[in-house]
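**Q** One structure, as structure tokens, below. Some questions next.
The values are calculated or read from the model by the stated rules, or taken from the named source; none is laboratory data. Just so it is clear, the structure is predicted and the values come from calculations on it, not from any experiment. Cβ coordinates were reconstructed from backbone atoms using ideal geometry, including for glycine residues, and neighbour counts include every protein chain displayed.
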């Protein structure tokens, strides 16, 4: 738990009938931190963040944001927090500047929304109706609306889902800039690369519980030095000789691309020797270091979920 956390969660539990969505979760988020929450579908992420935002009431446990109760002190928190929801919409005909002006009038001390327009690359689209905006522009507008009250804490839920790579990278720059303004950012995402690049710490949830919480670097280090050997195999390739190697923990084949997971300094040599001894043709041979996605899969499994 962080000292004097901006967000404090202790023993959070929420059930829907017999289904326990969040089961005794405790953590803290420090001031100025970009904190990531990740997990498979059904892990309890949405329920957790909605309890913190005050959109749902937990069954038991303590939740505090800036020292305030999200339900009892919801009016006060609305002026100090900004929320970008996973799914949001505005009236089709409302223009960008009209939306920002409207939202700004709801707060006693709003940020300069004209400045937000420029900072978020929306100045040229100020007179564009919402329905005519691209996906990236809509996301930037929703971020601007989340910042228009000049909040201390910003919640960003699935910020880049559905965006192309260029728009996603632009969003990452925006999140980093939000933190540079002194804000605390609570981020949920399905993209492990996004969490690895942006977050100071990442909490991984599964089945309503915390399975890991640390910096991305420490989480990756927890894999214990796993190495991946990647190559393109010829039509004669048989994975059996590689799977039998002592240093190999797992092998994946997708088309002609083969990825061998294992441990130890001798993994690369063992794989090369096995390929040569069996006369297998291969190309594009290289090694890769583990990522946060590898940590995620090792902790939550590889099976698809609804």
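**Q** Please work out which one of (1) surrounded by fewer than 20 Cβ atoms within 10 Å (Cβ to Cβ); (2) in contact with a helix residue (DSSP H, G or I) (Cβ under 7 Å, 6 or more places away or on another chain); (3) touching a residue at least 40 places away in the same chain (Cβ under 8 Å) is the condition residue 216 fails and give its number.
**A** Going through the list (1) surrounded by fewer than 20 Cβ atoms within 10 Å (Cβ to Cβ); (2) in contact with a helix residue (DSSP H, G or I) (Cβ under 7 Å, 6 or more places away or on another chain); (3) touching a residue at least 40 places away in the same chain (Cβ under 8 Å), residue 216 breaks only (1).
**Q** Determine which single condition residue 151 fails, assuming it passes every other condition in (1) in a helix (DSSP H, G or I); (2) touching a residue at least 40 places away in the same chain (Cβ under 8 Å); (3) surrounded by 19 or more Cβ atoms within 10 Å (Cβ to Cβ); (4) touching a strand residue (DSSP E or B) at 6+ places or on another chain (Cβ under 9 Å).
**A** (1)
**Q** Can you tell me which condition residue 76 does not meet? The list is (1) modelled with pLDDT under 95; (2) surrounded by 20 or more Cβ atoms within 10 Å (Cβ to Cβ); (3) part of a helix (DSSP H, G or I), and all the others hold.
**A** Failing condition for residue 76: (2).
**Q** Out of 159, 145, 141, 116, which single residue is outside any helix (DSSP H, G or I) and either under 23 Å from residue 93 (Cβ atoms) or under 24 Å from the mean Cα position of the chain (by Cα) (or both)?
**A** Among 159, 145, 141, 116, only 159 is outside any helix (DSSP H, G or I) and either under 23 Å from residue 93 (Cβ atoms) or under 24 Å from the mean Cα position of the chain (by Cα) (or both).
**Q** Right, residue 12: assigned by TED's automatic domain parsing to the domain that holds residue 172, touching a residue at least 12 places away in the same chain (Cβ under 8 Å), buried (at least 20 other Cβ atoms within 10 Å of the Cβ) and in contact with a helix residue (DSSP H, G or I) (Cβ under 9 Å, 6 or more places away or on another chain) or not?
**A** Values: assigned by TED's automatic domain parsing to the domain that holds residue 172: yes; touching a residue at least 12 places away in the same chain (Cβ under 8 Å): yes; buried (at least 20 other Cβ atoms within 10 Å of the Cβ): yes; in contact with a helix residue (DSSP H, G or I) (Cβ under 9 Å, 6 or more places away or on another chain): yes.
Yes, satisfied.
**Q** Further question on the same structure: Only residues that are part of a loop (DSSP other than H, G, I, E, B) and more than 24 Å from the chain's Cα centre (by Cα): list them for region 191-240, please.
**A** 234, 235, 236, 237, 238, 239
**Q** Being out of contact with any helix residue (DSSP H, G or I) (no Cβ under 6 Å at 6 or more places or on another chain) and within 25 Å of residue 6 (Cβ to Cβ) narrows it down to one residue among 165, 129, 110, 151; which is it?
**A** 151
**Q** When you look at residue 274, is it without any contact (Cβ under 8 Å) to a residue 60 or more places away in the chain, farther than 30 Å from residue 50 by Cα, touching a helix residue (DSSP H, G or I) at 6+ places or on another chain (Cβ under 6 Å) and not in a loop (DSSP other than H, G, I, E, B), yes or no?
**A** Yes.
**Q** Among the residues of region 173-190, what is the count of those that are modelled with pLDDT under 90 and either under 20 Å from residue 219 (Cα atoms) or part of a strand (DSSP E or B) (or both)?
**A** 1
**Q** Give the residues of region 15-52 that are part of a strand (DSSP E or B), in contact (Cβ under 8 Å) with a residue 12 or more places away in the chain and farther than 20 Å from residue 194 by Cα, sorted by residue number.
**A** 15, 20, 21, 22, 23, 24, 25, 26, 27, 28
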